[in-house]
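The values are calculated or read from the model by the stated rules, or taken from the named source; none is laboratory data. Please read these numbers as outputs of a predicted model, since none were measured by experiment. With ideal geometry, Cβ positions are generated from the backbone for all residues, glycine too; neighbour counts draw on all protein chains shown. SASA here: full protein model, heavy atoms, side chains in, ligands and nucleic acids out. Shrake-Rupley method; radii C 1.70, N 1.55, O 1.52, S 1.80 Å.
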Amino acid sequence: MRTPRLLLAALLSLCALFVPSHAQDTAAVGGIRGSVADASGAPASGVRVCLVGTERCAETGDHGSFSMDNLRTGSYQLEIVAPGRPAFATDAVAVRAGLDDRIDVVLPLIDAVEQAITVSESVYVAPAEVKTSGVLIQGSEIFRAAGALQDVSRYVRSLPGVAVGSNDFRNDIIVRGGSPLENLFIVDNVEIPNINTFANFASAGGITSILDANLIQDVTFLTGGYPAPFINRLSSVLQIAQKEGDREHFGGRATVGFAGAGVVLEGPIKKRKGSWIVSARRSFLDLFTNDVGFGGVPKVYTFSSKALYDFSPRDRVWAVNITGVDSIRLGLTEGSDLSEEISALDIRYQGWRSASGLNWQRLFGSRGVGLLGVSHSEARVDSTVKDLLKNGIPDPGLPVDEVIAAGPITFQEDSREGESTLKYDLTVFGTALGKVQAGGSFKVFNIDYDTRSPLGYDGPFTTTPDVNPIDLRQSFTAYQSGAYLQSSANLTQRLNVTWGGRLDQYEILNKTRFSPRVGASYRLTDKLSWRGSYGRYYQQPLFLFLAAFPQNRGLIPIRSEHVVAGFSYVASSSLRFTAEVYRKQYKDYPGSTDFPSLSLANVGDTFDVRDILFPMASAGRGRVRGVELFVEKKFTRKWFGQANLAFSRTRHAGLDEVYRPGAFDYPAIANAVGGYRLARKWELGVRASYLRGRPYTPFNLELSQEQRRGIFDLSRVNGARSKDYFRLDLRVDRTFLVNDKPLLVFAGLQNATNRSNFAGLSWDRRENTARFEEALKVFPLIGLDWRF
């Protein structure tokens, strides 16, 4: 217990060295930067640009450029004062958390009849310290995108180097060949272990997102070489900033869609000093049927809220809560297709997860801003799995209820995980080192496991059934602490360098790790720049893995190194091209000691927890290399879209040290998503995805038939490939007016071509033969969104 306290003391001493400020978007401040030109297009120097109603001003230099950092989120008017000219005021400009709003101003001719300035549409860009592999997404893109189901996780799967997991029914994120367990989720400065419904303690995905897309303002998605402020994850960071409520009027909206029916309400707090916004949703399929084809129907309740209040021009406080409650029954019914593997099971699941956070932001003029955050997340899972064929095939005439009653329990869980975090982030502008960021966190984990697998494991990796039974009834407390320091500075007018690192201490593993980070960007022309980054990242194995077997307590933090380089070309304010090459090196990945060819890197997107609990040692290795091409067109008058093409090679080795194709090794991925405004009230959305065949391990037919269960051919681990994956999604939106309020009605098709895509390989124990599982076939969608 002494080490976390010492590290926390060091963190507090480090924070005392700097004026408080922010790190990335975790302090909810942004910036405005741009240029001022005269009517001929020549740079205008000596022009004052001020925020109306504040004392913040900037003056353009010889190149006509200006910048203002450390601005609180919200809407501002700019006052433009040129020498010898009257003052002009712009329309409102929005400042977004963690982003720079880029605008260009053109002054009118001195003798023009109409003295009005021209201001370009806002373009939001990532801060200077994000050098590579970053994409900014607006909430409206997620809400309207075809195929995304208004789910942020499903939307980002159309971005460069991101792929689907095992099948279309889950929303796991696979980033550059990494496991779904390697992604970090942050919502309004609150770290959330899992933002999805129907999740378990051994996954980071689920079926749908708990988050309401109506509340999402911006998303920053970082897929490699991300800077030091982020606590360690091996593959990606997904930052989500939710909207503030309306500070002037009460309002709301009602929605119906894939995730269910819901309502959003918002309003002011005390004369525009603050606002609140809440969302509540409920699935509704259970109101019409008790079986949607797999033995039951999901029930989901989600709740999101955010309240914000400005105590003074310098002090702002906001609180957020995100909660999801879900339950489902899967398995045999009277009408089941007995060739489906699900008909051999009886699964009962109930889950509950919630995350809350309170943040205090304090501005220090133009020099910096500090953010103190306190958060707590809690999750509970209660599930039971029965194997109805464990003791042989039941008599066909036996009633279903009796078959279920006679089925032995193979897995049972009633467990809870809690995480409490105290964190502080700070930034200083204008120091000798440029922009300096520092901060850290202290975490307390309260774990209570009651997990049992009384009959042991008889999954496809073992030739001997019923090995490694589990009877885990354990409660414990663990700690984790970390601190970081980072600087970003212009070494020349063209070269910007970011350097830093973080120190993390994992109390339960008794390990401390230092992670260096460095990045650089060089502006070759006004539109073309070269960018590169290097980072080392560590991640603690999940607590359930550590607790499942005594020897797993000897695991150490998993290590990944990223090297990324590429070019960015900004053709216009709404059009951008990027090209990147990257390399990821994995070390100390947990691998099975019983099945030396099995690495944990190749599992993780499963609802079946028992299949990924086994004795482990930190001896796995991995390497990923790839190339990504990306073009992005932000919405203008008619259309928006993005397309990307990625080529990669993923290899992982278990304890046998043999490198094999990773389970998420897609050699080629191509995505295109966009929307087009057909008319003032009509919009069309399209998404197309192509993935070259995914590796899978074929069965040893002789052993499988002999034991009447699927047993992998371990001499061919990931030695076969499925056919290529292709999916086309369509969506049409039509806007109406109801009581002078907009009503959006949308309809769409998932997998519009009805293509049969590979989802996995299973063993039909009734017919005693292998079976290829299919992903989602054609699936219609309809919904509405009404603002009132």
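Name the single residue, out of those in region 182-193 being surrounded by 23 or more Cβ atoms within 10 Å (Cβ to Cβ) and out of contact with any Pro (no Cβ under 9 Å at 6 or more places or on another chain), that is nearest to residue 542 (Cα to Cα).
182
Limited to region 745-772, what total is found for residues that are under 27 Å from the mean Cα position of the chain (by Cα) and not in a loop (DSSP other than H, G, I, E, B)?
The number of residues fulfilling the criteria is 8.
Please indicate, with yes or no, whether at least one residue in region 574-597 is within 30 Å of residue 143 (Cα to Cα), more than 22 Å from the chain's Cα centre (by Cα), surrounded by fewer than 21 Cβ atoms within 10 Å (Cβ to Cβ) and of a type in the set (S, T, N, Q).
Yes, that holds for at least one residue.
Give just the number: which of (1) more than 20 Å from residue 165 (Cβ to Cβ); (2) open to solvent by 60 Å² or more (accessible area, probe 1.4 Å); (3) free of Cβ contacts under 8 Å to residues at least 40 places away in the same chain does residue 752 not satisfy?
Failing condition for residue 752: (2).
Here is a list of conditions, (1) out of contact with any Gly (no Cβ under 7 Å at 6 or more places or on another chain); (2) at pLDDT below 95, and residue 304 meets all of them except one; can you say which number that is?
(2)
Across region 196-235, what is the total count of residues that are within 14 Å of residue 186 (Cβ to Cβ), among the charged types (D, E, K, R) and assigned to a loop (DSSP other than H, G, I, E, B)?
1
Do you know which of the residues in region 429-470 that are under 30 Å from residue 498 (Cα atoms) and open to solvent by 30 Å² or more (accessible area, probe 1.4 Å) is modelled with the highest pLDDT?
My answer is 442.
Residue-wise test of (1) over 13 Å from the mean Cα position of the chain (by Cα); (2) within 29 Å of residue 783 (Cα to Cα).
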| residue | (1), (2) |
| --- | --- |
| 131 | yes, no |
| 136 | no, yes |
| 140 | yes, yes |
| 159 | no, yes |
| 171 | no, yes |
| 174 | no, yes |
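If residue 249 passes every condition in (1) under 22 Å from residue 160 (Cα atoms); (2) free of Cβ contacts under 8 Å to residues at least 24 places away in the same chain but one, which one does it miss?
Among (1) under 22 Å from residue 160 (Cα atoms); (2) free of Cβ contacts under 8 Å to residues at least 24 places away in the same chain, the lone unmet condition for residue 249 is (1).
Could you look through region 58-80, keep only residues that are open to solvent by 50 Å² or more (accessible area, probe 1.4 Å) and of a type outside the set (Gly, Ala, Ser), and pick out the one that is nearest to residue 368 (Cα to Cα)?
For region 58-80, the residue satisfying everything is 59.
Would you be able to say whether some residue in region 670-684 is under 19 Å from residue 598 (Cβ atoms) and over 22 Å from the mean Cα position of the chain (by Cα)?
no
Looking at region 383-398, which of its residues are open to solvent by less than 60 Å² (accessible area, probe 1.4 Å) and of a type outside the set (A, V, I, L, M, F, W, C)?
Within region 383-398, 383, 384, 386, 387, 390, 392, 394 qualify.
Out of curiosity, is residue 689 modelled with pLDDT of 95 or more, touching a Ser or Thr at 6+ places or on another chain (Cβ under 7 Å) and among the polar types (S, T, N, Q)?
yes
Looking at the structure I just gave you, is residue 464 without any contact (Cβ under 8 Å) to a residue 12 or more places away in the chain and β-branched (Val, Ile, Thr)?
Yes; evaluated as a whole, the condition is true for this residue.
Among what's in region 337-371 and is open to solvent by less than 30 Å² (accessible area, probe 1.4 Å) and not in a strand (DSSP E or B), pick the residue that is nearest to residue 765 (Cα to Cα).
This residue is 344.
Could you list, in sequence order, the residues of region 717-740 that are over 19 Å from residue 679 (Cα atoms), within 29 Å of the chain's Cα centre (by Cα) and in a strand (DSSP E or B)?
Listed by number, the residues that qualify are 721, 725, 726, 727, 728, 729.
Might you let me know whether region 79-91 holds any residue that is at pLDDT 85 or above and of a type outside the set (A, V, I, L, M)?
There is at least one residue in region 79-91 that is at pLDDT 85 or above and of a type outside the set (A, V, I, L, M).
Tally the residues that are at pLDDT below 95 and among the aliphatic types (A, V, I, L, M), restricting the search to region 348-370.
2
Can you tell me which residues in region 471-490 are of a type in the set (A, V, I, L, M) and at pLDDT 95 or above?
472, 478, 483, 485
With the checklist (1) out of contact with any helix residue (DSSP H, G or I) (no Cβ under 6 Å at 6 or more places or on another chain); (2) surrounded by 17 or more Cβ atoms within 10 Å (Cβ to Cβ); (3) not β-branched (Val, Ile, Thr) in hand, flag the one item residue 622 doesn't pass.
It is condition (1) that residue 622 fails.
Taking the criterion of being surrounded by fewer than 19 Cβ atoms within 10 Å (Cβ to Cβ), in contact (Cβ under 8 Å) with a residue 40 or more places away in the chain and either within 23 Å of the chain's Cα centre (by Cα) or more than 30 Å from residue 342 (Cβ to Cβ) (or both), would at least one residue in region 278-300 satisfy it?
No, that holds for no residue.
Of everything in region 512-561 that's surrounded by fewer than 22 Cβ atoms within 10 Å (Cβ to Cβ) and among the β-branched types (Val, Ile, Thr), which residue is nearest to residue 134 (Cα to Cα)?
518
Within region 181-195, restricting attention to residues that are assigned to a loop (DSSP other than H, G, I, E, B) and aliphatic (A, V, I, L, M), which residue is farthest from residue 167 (Cα to Cα)?
In this case the residue turns out to be 192.
I'd like the full set of residues that are of a type in the set (Ser, Thr, Tyr) and in contact with a Gly (Cβ under 8 Å, 6 or more places away or on another chain), limited to region 207-234.
220, 223, 226
Residue-by-condition table, conditions (1) open to solvent by less than 20 Å² (accessible area, probe 1.4 Å); (2) without any contact (Cβ under 8 Å) to a residue 24 or more places away in the chain; (3) on the phi < 0 side of the Ramachandran plot; (4) polar (S, T, N, Q):
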| position | (1), (2), (3), (4) |
| --- | --- |
| 683 | no, no, yes, no |
| 706 | no, yes, yes, no |
| 715 | no, yes, yes, yes |
| 721 | no, no, yes, no |
| 743 | no, no, yes, no |
| 757 | yes, no, yes, yes |
| 782 | no, no, yes, no |
